[in-house]
Amino acid sequence: MRIGIDLGGTKTEVIALDTYGTELFRQRLATPQHNYTETLNTICELVNNAQTHTNQQGTIGIGIPGAISPATSLVKNANSTWLIGQPLQADLEQRLQCKVRIENDANCFVVSEATDGAAKSVNSVFGVILGTGTGGGLCINKKVLTGCNAIAGEWGHNPLPWQDENDAEHIHSRDQCYCGKADCIETFLSGPSVEKHYQRLTSASHRIPVKQIIEYAEQKDIQAISCIEQYERRLAKALAHIINIIDPDVIVLGGGMSNIQRLYKNVPQYWHHYVFSDHVATQLLPPVHGDSSGVRGAAWLWPEENAD
């Protein structure tokens, strides 16, 4: 049996899969905010619940919104900032009394979609999580590329390419990224950035949730449409940069923003202007497993012989 944990910004989920990928158990709990000890407690509770429910032990893979530093073995680059600098893997292994594998949540997402999801029939896939942050991961021949610095795929912390006057206005509003930079792709394409953009357009006193902004756009609200169109153009430019470097067969979107169905038609129409090719064969696809891809990918982190 395989156990996967997806440690998200607002929820933490566990899944138990059998050897064939059939779901045996699933549960979600709220992610403790700004409390490392309670985060450990939540992960251990979910693992124990999965093993109790199935009456089986399993390999344990965990996806986190950050990475384990190869230099220090501590968490780095986490937008759940209370994890940064913590010995998460060592602490969990001590508590659970077994080995665990930890990967960036975007890497887990792309592993899932490359294994038995939207990109199962191709050799190269770039997976994007568009949610509280903007993660990315790369799979080649079903194997995730982590990199010697454990940052492969971290497109969200590069500057948005081909910026125009609208993008300059966004930067001048000083939406600084948690990493300390001011023009990261994450500050343009995360869910909270869309809410801030719409708030500026409408001069509203408070932020409107992304889901509601999308509904407004579907109802022909001019400012909501403008907000989503600007998002599509920015996403196209950011993904064109990825295509120019990696040239993947498929790009799969995940996270809350991936539920905007118009992205899959409109973004490829925009990215044609930025990709250095006469024709763009790369496909932009929604995830087969939806918001379960991350937790499924965490479960797939162990090779088959370890999960039996």
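All of the numbers you see were taken from the coordinates with simple rules; none came from a lab. Note that the structure is predicted; figures quoted are calculated from it, not measured. Cβ atoms come from the backbone with ideal geometry, glycine included; neighbour counts cover every protein chain shown.
Provide the per-residue ³J(HN,Hα) series for segment 242-251, in order, calculated from phi with Karplus coefficients 6.51, -1.76, 1.60 and θ = phi - 60°, each as a whole number of Hz, with x at glycine and proline positions.
Here the 3J(HN,Hα) series is 5, 4, 5, 8, 9, 6, x, 5, 9, 10 Hz.
Once the piece of chain linking CYS98 and SER277 is laid out straight, how much longer is it, given 0.36 nm per residue of separation minus the C-alpha distance between them?
Working it through step by step, the gained length comes to 59.6 nm.
Taking the Cα centre of segment 213-306 as origin, sum charge times position over the Cβ atoms of Lys and Arg (+1) and Asp and Glu (-1), and report the length of that vector in debye to the nearest 20.
Roughly 300 debye, rounded to the nearest 20.
Calculate for the chain the 222 nm mean residue ellipticity that helices alone would give, adding -39,500 (n - 2.57) per DSSP H run of length 4 or more and normalising by residue count, nearest 500 deg cm²/dmol.
-11500 deg cm²/dmol
Just rank VAL100, VAL280, fewest to most, by other beta-carbon atoms within 10 angstrom.
VAL280, VAL100
Going by a ≥ b ≥ c, the root eigenvalues of the Cα gyration tensor, does the chain fall in the rounded group (a/c under 1.5), the prolate group (a/b larger than b/c) or the oblate group?
prolate
Pop the C-beta distance of ASP249 and ASN158 into the FRET formula with R0 = 30 Å and round what comes out to the nearest 0.05.
0.85
Take SER226 and LEU201, extend 7 Å from each Cα along the Cα→Cβ direction, and tell me the distance between the two endpoints in nm.
A separation of 0.7 nm, rounded to one decimal place.
Quick check: residue separation of THR19 and HIS53 times 0.36 nm, minus the Cα distance between them. What number comes out in nm?
Additional length available on full extension: 10.5 nm.
Which FRET efficiency, nearest 0.05, do ILE84 and GLU218 yield, Cβ-Cβ r, R0 25 Å?
Efficiency, from the Cβ-Cβ distance: 0.05.
For the chain, give the magnitude of the charge dipole about the Cα centre (Cβ charges: +1 Lys/Arg, -1 Asp/Glu; no others), in debye to the nearest 20.
240
For segment 1-110, which trypsin sites (Lys or Arg not before Pro) pass both filters: DSSP loop (anything but H, G, I, E, B) and at most 16 other C-beta atoms within 10 Å?
LYS99
ALA30 to LYS211: extension gain in nm, 0.36 nm per residue of separation minus the Cα-Cα distance?
Working it through step by step, the gained length comes to 63.2 nm.
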